[in-house]
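Structure first, commentary second.
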Amino acid sequence: MSVETKSFEETKESKTRSGFVAIVGFPNVGKSTLLNHIIGTKVSIVSPKPQTTRFNIRGVLTQDNYQIVFIDTPGIHDAKSLFNKMMVEEALEALEEVDIILWVVDVTHRLPEEERLLDIIKKANKPTILVLNKIDLIKKSELLPMIDYFSKLHDFKAIIPVSALKNDGIERIIDELVKLLPEGPFYYEPERVTDLPLSLLVAEIIREKIFQLTYQEIPYSTAVKVEQIKKDEEKNLLYIQATIFIERDSQKGIIIGKQGQMLKKIGTLAREELEFLLGKRIYLDLWVKTLKDWREKEAHIRNLAIPFRE
Ligand SMILES: Nc1nc2c(ncn2[C@@H]2O[C@H](COP(=O)(O)OP(=O)(O)O)[C@@H](O)[C@H]2O)c(=O)[nH]1
Ligand SMILES: [Mg+2]
């Protein structure tokens, strides 16, 4: 007697869909905010300043029958310095790696370079969804002509107005993505929300606080490296030692602040958020060191700011 028997795993696998999605756009349009709201937890840091995201960050969304691996990228722009060029390079690499592209446009900051960016996206030759973000800041009547304009510009799979910040329109993005996902197995355990190792996640959260609290060149001149993570069983906490690198000795005073106030603020905010994210008590030990002009040397950038991927 021949009865078709398929194992549960096989049946399950043949039905799952999975794929990689790059979130790209100009700096500051809300790419990382969008990723965090899609995933439902902070995986990528956010600040009002451009170039907050320095390297590609994966965020994983898993449901019963699909898994989407999002790649949040640094903003694509006409970069001049070595460091900025390397960030843009990261973003462009993501375009090559993925199945689908999400192009995020800030409806409040339209730029003439838009069409040039679209040319880059078109060259990648992947199904592309256009996300019009920050619609909480404009009138509905301003939105319709924009949708009309973009729909004539390219054959987008969908044009979706959203407010990433207000969590408005996110579901529709996921619905449209799932339609485009190829069949395939899961790449990550369903519980995983990011591929960031703990040391990088911690460094990023610390850097986010620096980006939120400091001004002018200071945030851009800093990099954070986690030197040590140690379980302290006796005190029931995680001891984390990290170094904030700056480019010049003269910046030390600003990062440390009057009577250490700034460093204390950075440390407290980072610790509180990490305790929330990790569900553990944390002792955060922050140091400040000068590494002269680190942004001008590729080896330093690789070591401190844009890590190589496997
Ligand atoms: N009003 C508004 N602000 C937003 C929205 N999405 C992001 N932002 C803000 O835009 C700034 C840049 O966001 P971020 O996610 O870091 O942008 P990225 O550089 O593209 O990753 C932050 O201050 C966010 O709070 C939105 O939908 N509405
Ligand atoms: Mg970002």
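The values are calculated or read from the model by the stated rules, or taken from the named source; none is laboratory data. Please read all numbers here as calculations on a predicted model, not as lab measurements. Using ideal geometry, Cβ is built from the backbone for each residue, glycine included, and neighbour counts are taken over all protein chains shown. Heavy atoms of the whole protein, side chains included, go into the accessibility calculation; ligands, DNA and RNA do not. Shrake-Rupley method; radii C 1.70, N 1.55, O 1.52, S 1.80 Å.
Regarding the stretch 72-93, can at least one residue be identified that is under 20 Å from Phe156 (Cβ atoms), touching an Asp or Glu at 6+ places or on another chain (Cβ under 7 Å) and not in a helix (DSSP H, G or I)?
Scanning the stretch 72-93 turns up at least one residue that is under 20 Å from Phe156 (Cβ atoms), touching an Asp or Glu at 6+ places or on another chain (Cβ under 7 Å) and not in a helix (DSSP H, G or I).
Which one is most open to solvent (accessible area, probe 1.4 Å) among residues in the stretch 106-121 that are over 17 Å from Ile23 (Cβ atoms) and part of a helix (DSSP H, G or I)?
Of everything passing the filter in the stretch 106-121, Arg116 is most open to solvent (accessible area, probe 1.4 Å).
Among the residues of the stretch 59-99, which ones are aromatic (Phe, Trp, Tyr) and surrounded by fewer than 20 Cβ atoms within 10 Å (Cβ to Cβ)? Don't jump to the end; show me each part of the working.
Of all residues in the stretch 59-99, those aromatic (Phe, Trp, Tyr) come to 66, 70, 83.
Result: Tyr66, single match.
Which members of the stretch 54-85 meet the condition of being within 16 Å of ligand 1 (Cβ to nearest atom) and in contact (Cβ under 8 Å) with a residue 60 or more places away in the chain?
Once the filter is applied, which keeps residues that are within 16 Å of ligand 1 (Cβ to nearest atom) and in contact (Cβ under 8 Å) with a residue 60 or more places away in the chain, the stretch 54-85 yields Arg54, Phe55, Asn56, Ile57, Arg58, Gly59, Phe83.
If you check every pair at least six apart or on different chains, which have Cβ atoms under 7 Å apart with a residue in the stretch 287-310 that is under 27 Å from Lys265 (Cβ atoms) first and a residue that is surrounded by fewer than 18 Cβ atoms within 10 Å (Cβ to Cβ) and among the acidic types (Asp, Glu) second?
Every condition considered, the pairs that remain are Thr290/Asp249.
If you check Leu153 against the conditions, is it under 27 Å from Gly40 (Cα atoms) and not acidic (Asp, Glu)? First the steps, then the outcome.
Details: under 27 Å from Gly40 (Cα atoms): no; not acidic (Asp, Glu): yes.
Taking the combined requirement at face value, the residue does not satisfy it.
Go through the residues of the stretch 230-253 one by one and say whether even a single one is closer than 23 Å to Val46 by Cβ and open to solvent by 50 Å² or more (accessible area, probe 1.4 Å).
Within the stretch 230-253 (the criterion being closer than 23 Å to Val46 by Cβ and open to solvent by 50 Å² or more (accessible area, probe 1.4 Å)), the answer is no, since none of the residues qualifies.
Of everything in the stretch 31-65 that's among the polar types (S, T, N, Q) and part of a helix (DSSP H, G or I), which residue is nearest to ligand 2 (Cβ to nearest atom)?
If we take residues in the stretch 31-65 being among the polar types (S, T, N, Q) and part of a helix (DSSP H, G or I), then Ser32 is nearest to ligand 2 (Cβ to nearest atom).
Note down all Cβ pairs under 8 Å where the first residue falls in the stretch 131-143 and is more than 13 Å from Leu165 (Cβ to Cβ), the second is assigned to a strand (DSSP E or B) and away from ligand 1 (no atom under 14 Å from the Cβ), and they're at least six residues apart or on different chains.
Leu132/Ile159
When you scan the stretch 278-302, how many residues do you find that are open to solvent by less than 90 Å² (accessible area, probe 1.4 Å) and closer than 29 Å to Val88 by Cα?
Summing the residues that are open to solvent by less than 90 Å² (accessible area, probe 1.4 Å) and closer than 29 Å to Val88 by Cα in the stretch 278-302 gives 10.
Does any residue of the stretch 152-169 turn out to be assigned to a helix (DSSP H, G or I) and either within 24 Å of the chain's Cα centre (by Cα) or buried (at least 18 other Cβ atoms within 10 Å of the Cβ) (or both)?
no
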